[in-house]
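In what follows, a structure is listed as structure tokens, so that the remarks can point back to it.
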Amino acid sequence: MILTAGLQISYSAAQAWSDLSQIGPIVAVTVALLVAVVVDLLLPRAQRGPAVAMISIAGLVLALGIAAYRLVNGYGGSAYFRFVSGDAFALFFELLFATIGVLAVIVSSSYVRRRGLDESELHVLTLAAIVGMMSLAAAGSLVTVFLGLELLSIALYVSCGYNRKEQASQESAAKYLIIGGFASAFVLYGMALIYGATGTTVISDIATRVTSDMGGNPLLLLGVLLMGVGFAFKVSAAPFHMWTPDVYQGAPLPVTAFMSVATKAAAFAMILRVFNYGLGHIGPEWQVLLAFTAAASMVVGNLMAIVQSSIKRMLAYSGVAHAGYILVGVLAGGRAGVAAVLFYLFGYVFMNFGAFAVVSTLSTADGDGDQYEDLNGLGYRNPTLGVLMSVFMLSLAGFPPMVGFFGKVFLFAAGISTGWTWLVVLAVLTSVVSVYYYFRVLFHVWSPLPEAPARYALRPVRGPVTVVLVTGIFAIALGPLSGYLLQVGLNGAAPLLGGR
Amino acid sequence: MLSSLWIVPALGGIVVCFLPRGLARVGAIAVALGELALTLVVAATFDAGQHGYQYAEQASWITQFNVSYHLGVDGLSVWLLVLNALIGTVAVLATPAVWPRAAAFLGLMLLMEAGMAGVFLSVDLLLFYVFWEAMLIPAYFLLWLWGEGDRPSYAALKFVLFTLVGSLLMLVGVIGEYVFSSAHSFDLPALAAQPPSPQIQFGLFFLFAAAFAVKIPVWPFHSWLPDAYMSAPTPFLLLLAGVMGKTGAYGMLRVLLPLNPHPVNWWDWNWVLPVLAVIGIAWGALLALAQRDMKALVAYSSISHMGFIVLGIFALNAQGQEGAVVQMLNHGIIVPALFLIVAWIYARTGSRDRGVLTGLAPAMPVLAGLFLVVTMAALGLPGLNSFVGEFMTLLGAWQLSPGLAVAGCTGLILAPIYMLRLFQGAMYTEVAGGSDHPPEAVVRKDLARREVALLAPLVALMFVLGLYPYLVVHLMPALGAGMQVLRW
């Protein structure tokens, strides 16, 4: 190779291949995305939707396979000059996002058909968002973090406004765009300040350069504060949660379902990577901020969820509350804390997405059946859906033997062992409140059949029902078998502890 | 062996849920009888001379937190398991043939029984908690979907929320035990061997105590009970009143005291629970006096009787605690019998009003006779079972503080008043003039043979335990391995 002096480029083909395999799952989804776009242009209109759905699922399943294979074989390491990393932490989230993606594509495929919307674009947008999320989780540098964040946000802005004819959907998109733009700006400003304080954007370098005696550095602190605010927006933690209910309500149902689990997971991946790993040494500085947001999220989320009349909005506020619980694990940090967060995020996918999938079966061309009353008698109209909806609600409320209970146990155990007992007690007391609104759903599901015909006829379509079944089985089975998932979480947490 | 004690009713319950109507009843009865037979085998082969857990089963479960699937029985739990299986069988048999959504009802009843069996079997704290919480799910649905009265959903939700405040605080306690005990395990013997420091024990003690106190319930945490009992359908009420309250008392003996043997704080906390128990005894009895509805009367008397159990446990001596265990069984036999009788009277006369029902005995001599025995047992007549338990708990309480024992006696004095008034009024008082219920409108039919058969084992046990309490007490040497009894 002929090289110019001074510019040290020794990028061999082997290195390129190794780098590419580190981001294998991202590559798989990206390729699927590109193929889907082309196929969408080539095929006749009627065949586009199903074809794109199949391609999306194929790409996601491939990504799932690659991630699982690399995780099992313990491959992993940084790539592209430490700008991304394919470590166990990234692989865990890639697994998570690919799973969510498959579920989301199945649910939205049948949803858009019933609502009379175009299908293929939504899948493409979902794939784009997943690429962003995966990059976020795999980020080795603040630059990659921002890249992933923007990619996922922009894709989701469009998805939220996907139902062009409905004003609520437009409002949702506009609101999300404006507030999300604000949050991104906060994050970017914070990153700039941290770069100013440390002279690097590579997170592992930040981890070594930011030592515990830098707690007084105003540049760094301001950077942490701004980034923290931006992240809190993204995980919809109080008091930065205001956008969540409106956006969730207006967005098409599968998009809401996707956002509620995937965006949250992505944002927590970002927080763990940047705060717990990069800024772990000045933990006491940012923990105060996070403890406050965690407490506020639990209280606000749980109290506001009580008064909602739409299940979408209720689940939005319940999501705020769950963000508060998960923050306990972030605050606890360490291997147990991070593993508990990872466990909870994975378990949360099944219970929350499952609940949305049940609601999605009530959608017709006229709208979404997302009012409590629309669920009336569901348990008698379709016992399978009724029982599984009950399982999801009980799991969200934290009842054993469902996965939600074990998630809470692991989070609280990490919290108590690191001295966040007051926060755990608050979490426990507010989750009693949560039982009230989760049981309200049960109340409608098992209330006698309404005399008037239901506003939204129940359409037990095969796709969503399969998703409900699968998520339901996981929500139950991951409880007694929680040890296995926790072990994956512990492995995933390991790469974040190198900096300390 | 022990696993089957909860797996049989759990799996059986799930299967029964999906059976067709006619088959469900047969299936549920078969499962309940099978469960009863299994527990009786365990009880019969239980080695009284041996301390510690028998038939222990242990397998690692969540290794990262040292959670194990650990089951065992000892002298404390073995008879409670039998009680659970017995009342479960009676409850399934007491479910009328015509019953709305019978398959789901019976299935959930069996699941509830499985949950309670699991609570009595667990030797691992997290496993205990899992069963403890899981049994709340069938209980909620049974109370809500098959509840009586105006607003069963309110009663069910109130019950769940009350219990849950306690339970979730206990969850903090459960995790706290793991974190602060040097054993770093959830295994009960290991935790009991290495308790946390006395100051931390103090905090954990009240976290656990809150959960158990709500479940029993101890005054002033009892306000869910009248609502729940009033709206519970009779078969479920048998399980709820007969067994579920006992899980709280059992938890105190199994978890609360052994794991936190010496909680210390700057103030003397020892009086808290005995005093609450005594207040509960008097309070429940006074409210029972004031009730016209027979079901409510029995419900409030239940609060009073549970007070004796708590008083015995927190007398913190062997006599008191043995008395408490005996009383748990006694109450678990008497209260279902009382509720059954009340339900049968209601089914025949259409009324539970003590002021309206009169002179039923001549028409229903068998019912009157059985009612008499149960009444006598409930008010603590020597020779019947309740006397033994109440006497022992009061003896234990006397050693703690004579004043408390004397105050506890108010329950013994008031019990005959409300029980005899109930019995006498309904059974023997002649109809004086025009009553609200003209006698001819009342179906005065005596107990059917099936109903007598249902009540017979309970009545027989009242005599057996009254005349031969040694049956239960002789197992007590094995009571709570490692329990450290405190002096005030």
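The values are calculated or read from the model by the stated rules, or taken from the named source; none is laboratory data. Note that the structure is a prediction, hence the values are computed from the model and not measured. Here Cβ is always computed from backbone atoms with ideal geometry, including for glycine, and neighbour counts include all displayed protein chains.
State whether one or more residues within the stretch A:395-402 are under 30 Å from B:SER182 (Cα atoms), within 11 Å of chain B (Cβ to nearest Cβ) and without any contact (Cβ under 8 Å) to a residue 40 or more places away in the chain.
Checking the stretch A:395-402: at least one residue is under 30 Å from B:SER182 (Cα atoms), within 11 Å of chain B (Cβ to nearest Cβ) and without any contact (Cβ under 8 Å) to a residue 40 or more places away in the chain.
Within the stretch B:142-160, which residues are assigned to a helix (DSSP H, G or I) and touching a residue at least 24 places away in the same chain (Cβ under 8 Å)?
B:LEU142, B:LEU143, B:LEU145, B:PRO152, B:TYR154, B:ALA155, B:ALA156, B:LYS158, B:PHE159, B:VAL160
Which residues, taken from the stretch B:376-401, are surrounded by 24 or more Cβ atoms within 10 Å (Cβ to Cβ) and polar (S, T, N, Q)?
B:ASN385, B:SER386, B:THR393
Considering only the stretch B:94-118, state which residues are under 27 Å from B:LEU259 (Cα atoms) and either more than 12 Å from every other protein chain (Cβ to nearest Cβ) or touching a Lys or Arg at 6+ places or on another chain (Cβ under 8 Å) (or both).
B:MET112, B:GLU113, B:MET116, B:ALA117
Looking at the stretch B:142-169, which of the residues that are among the aliphatic types (A, V, I, L, M) and facing chain A (nearest Cβ under 7 Å) is nearest to B:LEU237 (Cα to Cα)?
If we take residues in the stretch B:142-169 being among the aliphatic types (A, V, I, L, M) and facing chain A (nearest Cβ under 7 Å), then B:LEU145 is nearest to B:LEU237 (Cα to Cα).
Considering only the stretch B:39-78, state which residues are over 24 Å from the mean Cα position of the chain (by Cα) and of a type in the set (D, E, K, R).
B:ASP47, B:GLU57, listed by residue number.
Among B:VAL172, B:VAL218, B:VAL130, B:VAL214, which is the only one that is among the β-branched types (Val, Ile, Thr), in contact (Cβ under 8 Å) with a residue 12 or more places away in the chain, more than 18 Å from A:GLY419 (Cα to Cα) and at the interface with another protein chain (Cβ under 8 Å from one of its Cβ atoms)?
Testing whether each residue is among the β-branched types (Val, Ile, Thr), in contact (Cβ under 8 Å) with a residue 12 or more places away in the chain, more than 18 Å from A:GLY419 (Cα to Cα) and at the interface with another protein chain (Cβ under 8 Å from one of its Cβ atoms) leaves just B:VAL130.
For B:LEU286, only one of the following conditions fails: (1) surrounded by fewer than 24 Cβ atoms within 10 Å (Cβ to Cβ); (2) touching a residue at least 12 places away in the same chain (Cβ under 8 Å); (3) not in a helix (DSSP H, G or I). What is its number?
Failing condition for B:LEU286: (3).
Just one of A:ALA79, A:ALA53, A:ALA68, A:ALA104 is in contact with a Pro (Cβ under 8 Å, 6 or more places away or on another chain) and of a type outside the set (Lys, Arg); which is it?
Matching residue, one of A:ALA79, A:ALA53, A:ALA68, A:ALA104: A:ALA104.
Can you tell me which residues in the stretch A:222-240 are surrounded by 18 or more Cβ atoms within 10 Å (Cβ to Cβ) and farther than 18 Å from A:GLY319 by Cα?
If the condition is that a residue be surrounded by 18 or more Cβ atoms within 10 Å (Cβ to Cβ) and farther than 18 Å from A:GLY319 by Cα, then A:GLY223, A:VAL224, A:LEU226, A:MET227, A:GLY228 are the ones that fit.
Taking into account only those residues within the stretch A:352-383 that are assigned to a loop (DSSP other than H, G, I, E, B) and among the hydrophobic types (A, V, I, L, M, F, W, C), which is farthest from A:VAL441 (Cα to Cα)?
A:ALA365
For B:LEU40, which of the numbered conditions (1) out of contact with any helix residue (DSSP H, G or I) (no Cβ under 6 Å at 6 or more places or on another chain); (2) over 30 Å from B:LEU454 (Cα atoms); (3) not acidic (Asp, Glu) fails to hold?
B:LEU40 satisfies every listed condition except (2).
Identify, from the list B:GLN54, B:GLN50, B:GLN58, B:GLN64, the residue that is within 14 Å of chain A (Cβ to nearest Cβ), more than 25 Å from B:ILE334 (Cβ to Cβ) and either in contact with a Cys (Cβ under 7 Å, 6 or more places away or on another chain) or not β-branched (Val, Ile, Thr) (or both).
Result of the check over B:GLN54, B:GLN50, B:GLN58, B:GLN64: B:GLN64.
Evaluate the stretch A:274-281: report whether one residue or more is touching a residue at least 60 places away in the same chain (Cβ under 8 Å), farther than 18 Å from A:GLY223 by Cβ and either out of contact with any strand residue (DSSP E or B) (no Cβ under 6 Å at 6 or more places or on another chain) or aromatic (Phe, Trp, Tyr) (or both).
no
Return the residues of the stretch A:478-495 that are free of Cβ contacts under 8 Å to residues at least 40 places away in the same chain and part of a helix (DSSP H, G or I); say none if nothing qualifies.
Of everything in the stretch A:478-495, those that are free of Cβ contacts under 8 Å to residues at least 40 places away in the same chain and part of a helix (DSSP H, G or I) turn out to be A:GLY483, A:TYR484, A:GLN487.
Taking B:ALA139 as meeting all but one of (1) more than 11 Å from chain A (Cβ to nearest Cβ); (2) in a helix (DSSP H, G or I); (3) surrounded by fewer than 23 Cβ atoms within 10 Å (Cβ to Cβ), write down the number of the exception.
(3)
Condition first: modelled with pLDDT of 85 or more, farther than 23 Å from B:LEU329 by Cβ and among the small types (Gly, Ala, Ser). Can you find one or more residues in the stretch B:410-427 that meet it?
No, because not a single residue in the stretch B:410-427 is modelled with pLDDT of 85 or more, farther than 23 Å from B:LEU329 by Cβ and among the small types (Gly, Ala, Ser).
What's the total number of residues in the stretch B:175-202 that are hydrophobic (A, V, I, L, M, F, W, C), more than 12 Å from every other protein chain (Cβ to nearest Cβ) and within 18 Å of A:TRP422 (Cα to Cα)?
Qualifying residue count, the stretch B:175-202: 1.
Check B:ALA97 against each of (1) over 26 Å from A:HIS444 (Cα atoms); (2) assigned to a helix (DSSP H, G or I); (3) among the aliphatic types (A, V, I, L, M) and name the one condition it does not meet.
That leaves (2) as the condition not met.
From B:LEU36, B:LEU40, B:LEU80, grab the single residue that is crowded, with 23+ Cβ neighbours inside 10 Å and under 23 Å from B:LEU475 (Cα atoms).
After applying the criteria, what remains is B:LEU80.
From the list B:LEU238, B:LEU161, exactly one residue is under 22 Å from B:LEU108 (Cβ atoms) and crowded, with 24+ Cβ neighbours inside 10 Å. Which is it?
B:LEU238
Give the stretch A:410-443 a look and list any residue that's part of a helix (DSSP H, G or I), more than 7 Å from chain B (Cβ to nearest Cβ), more than 20 Å from A:VAL320 (Cβ to Cβ) and of a type in the set (Val, Ile, Thr), or say none.
Within the stretch A:410-443, A:THR421 is the sole residue that qualifies.
Would it be correct to say that A:ASP370 is in contact with a Ser or Thr (Cβ under 6 Å, 6 or more places away or on another chain) and either within 11 Å of chain B (Cβ to nearest Cβ) or among the charged types (D, E, K, R) (or both)?
yes
Quick grid of which residues meet (1) among the β-branched types (Val, Ile, Thr); (2) in contact with a strand residue (DSSP E or B) (Cβ under 8 Å, 6 or more places away or on another chain):
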| site | (1), (2) |
| --- | --- |
| B:VAL160 | yes, no |
| B:LEU169 | no, no |
| B:VAL174 | yes, no |
| B:TYR178 | no, no |
| B:ALA183 | no, no |
| B:ASP187 | no, yes |
| B:PRO196 | no, no |
| B:LEU204 | no, no |
| B:LEU207 | no, no |
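If I ask for residues that are within 13 Å of another protein chain (Cβ to nearest Cβ), crowded, with 19+ Cβ neighbours inside 10 Å and not β-branched (Val, Ile, Thr), which ones from the stretch A:378-391 would you list?
A:GLY379, A:GLY386, A:SER390
Go through the stretch A:99-124 and give me each residue that's of a type in the set (Val, Ile, Thr) and more than 17 Å from A:MET259 (Cβ to Cβ).
None - no residue of the stretch A:99-124 is of a type in the set (Val, Ile, Thr) and more than 17 Å from A:MET259 (Cβ to Cβ), so the list stays empty.
Of all residues in the stretch B:354-371, which are more than 22 Å from the chain's Cα centre (by Cα) and either assigned to a helix (DSSP H, G or I) or surrounded by fewer than 18 Cβ atoms within 10 Å (Cβ to Cβ) (or both)?
B:GLY355, B:VAL356, B:GLY359, B:PRO362, B:ALA363, B:PRO365, B:VAL366, B:LEU367, B:ALA368, B:GLY369
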